[in-house]
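What follows is a short report on a single structure.
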Amino acid sequence: MIKISNLKKYYGKNLIINNVSCEINKGEIFAIVGHSGAGKSTLLRCINGLESYQNGSLKVLGREIKSLNENGLRDLRRDIGMIFQHFALMSRKTAFENIAMPLRVWGYDEKAIKARVDELLELVGLKDKARSYPSQLSGGQKQRVAIARALALNPKILLSDEATSALDPNTTKQILSLLKEINEKLGITIVLVTHEMEVVKNIANRAILLQSGVITNFGSIVELFLNPDENMKNFLGEDEILPDTGVNIKIFFPPNVAMNSIITSMARRLDIDFNIVWGKLEKLGGSVLGSLVINVKPKDELRVEEFIKSQGALYEILKEKK
Ligand SMILES: Nc1ncnc2c1ncn2[C@@H]1O[C@H](COP(=O)(O)OP(=O)(O)OP(=O)(O)O)[C@@H](O)[C@H]1O
């Protein structure tokens, strides 16, 4: 659906996107994460042709963005809807008229416009707000109008640039479940830029971590979060406080492995004492996964490792950061 190979983008002399390659598949929710200034929005704007690039290739629906002329870009953008952090609605137009805008630009007749906008208002749960102006809507409702507008022309791809960053946690959840519903119901591929980890964990299937324009991490959400490498840990700001005696073992529990039964049967079967340092449950891409750090005596380390392996769980020996 989107194929990016060795992409380089400069602003003046500054290299903003540095040799980025990745492929985004049809129907997936793909996240681009990273700190402010990492180049996330720039990459997103390259995908819909709002920005050009100097080297490499960026193909969307089989079309090389750089080689498209005005008409080519116009056609491409029909297939790509976009939503933004601050909604970008027209303040003098009602919700209905905001959603109708792309349809008017493409010359649909009044009857078709009315039918499509009504359908979209229903989809985003705003049937009763058709005549409201943006100033009369809450942040979540404004984003719903923006989502409906982005979907007006039945795009194949929806780009989301920090669409929930201006919303409170509850509203964020509602907008995320709407995006998930749209992805599942309509089969639209969603590419979202965010710095909010909850967003990624909740709805994305795969993600890249961008740091200074370079992809440092790439993979499924479970791979990235369950067993994070140093880059990912730094990004997540996870500083683990660990006991400085004994051996600290972090155990990862994939969805099909029950955390409680492993821990209790380990204590029983190996007849050892150990301490639980910390543990957490995470909802990743719809599954609940757990990680637990235990502290064992050095003499028990090998037996514990053998036991964890035999149970089909993954583990890592943690070292205290100096
Ligand atoms: N039009 C522009 N001209 C020159 N430099 C730019 C332009 N737009 C962005 N940049 C620079 O490119 C870098 C990446 O910006 P970008 O907005 O893509 O980052 P980001 O990861 O999306 O961060 P944020 O979440 O803060 O928007 C930044 O250093 C920024 O200053």
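The values are calculated or read from the model by the stated rules, or taken from the named source; none is laboratory data. Keep in mind that what you see is a predicted model, and the values were worked out from it rather than measured. Note that each Cβ is placed from the backbone with ideal geometry, even for glycine, and that neighbours are counted across all protein chains shown.
Tabulated data for the structure shown
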{"quantity": "Any hit, the stretch 13-27, residues being within 12 Å of the ligand (Cβ to nearest atom), free of Cβ contacts under 8 Å to residues at least 40 places away in the same chain and surrounded by fewer than 15 Cβ atoms within 10 Å (Cβ to Cβ)", "calculated": "yes"}
{"quantity": "Options Leu159, Leu209: the member that is part of a strand (DSSP E or B), closer than 17 Å to Ile221 by Cβ and within 16 Å of the ligand (Cβ to nearest atom)", "calculated": "Leu209"}
{"quantity": "Flag for Leu151 being surrounded by fewer than 19 Cβ atoms within 10 Å (Cβ to Cβ) and under 20 Å from the mean Cα position of the chain (by Cα)", "calculated": "no"}
{"quantity": "Filtered residue count, the stretch 298-314, keeping only those that are within 18 Å of Ile276 (Cα to Cα) and without any contact (Cβ under 8 Å) to a residue 12 or more places away in the chain", "calculated": "2"}
{"quantity": "Tally of residues being within 12 Å of Met82 (Cβ to Cβ) and of a type in the set (Asp, Glu) across the stretch 122-181", "calculated": "2"}
{"quantity": "When residues of the stretch 60-92 are limited to those that are touching a strand residue (DSSP E or B) at 6+ places or on another chain (Cβ under 8 Å) and not aliphatic (A, V, I, L, M), the one surrounded by the fewest Cβ atoms within 10 Å (Cβ to Cβ)", "calculated": "Glu64"}
{"quantity": "Where Leu176 falls short, out of the listed (1) surrounded by fewer than 19 Cβ atoms within 10 Å (Cβ to Cβ); (2) within 15 Å of the chain's Cα centre (by Cα)", "calculated": "(1)"}
{"quantity": "Whichever residue in the stretch 183-202 is among the hydrophobic types (A, V, I, L, M, F, W, C) and surrounded by 20 or more Cβ atoms within 10 Å (Cβ to Cβ) and, among such residues, is farthest from the ligand (Cβ to nearest atom)", "calculated": "Ile188"}
{"quantity": "Any hit, the stretch 36-47, residues being touching a residue at least 24 places away in the same chain (Cβ under 8 Å), aliphatic (A, V, I, L, M), out of contact with any Gly (no Cβ under 7 Å at 6 or more places or on another chain) and more than 16 Å from the ligand (Cβ to nearest atom)", "calculated": "no"}
{"quantity": "Residue selected from the stretch 234-250 under the condition within 19 Å of Ile294 (Cα to Cα) and not in a loop (DSSP other than H, G, I, E, B), by the criterion modelled with the lowest pLDDT", "calculated": "Lys250"}
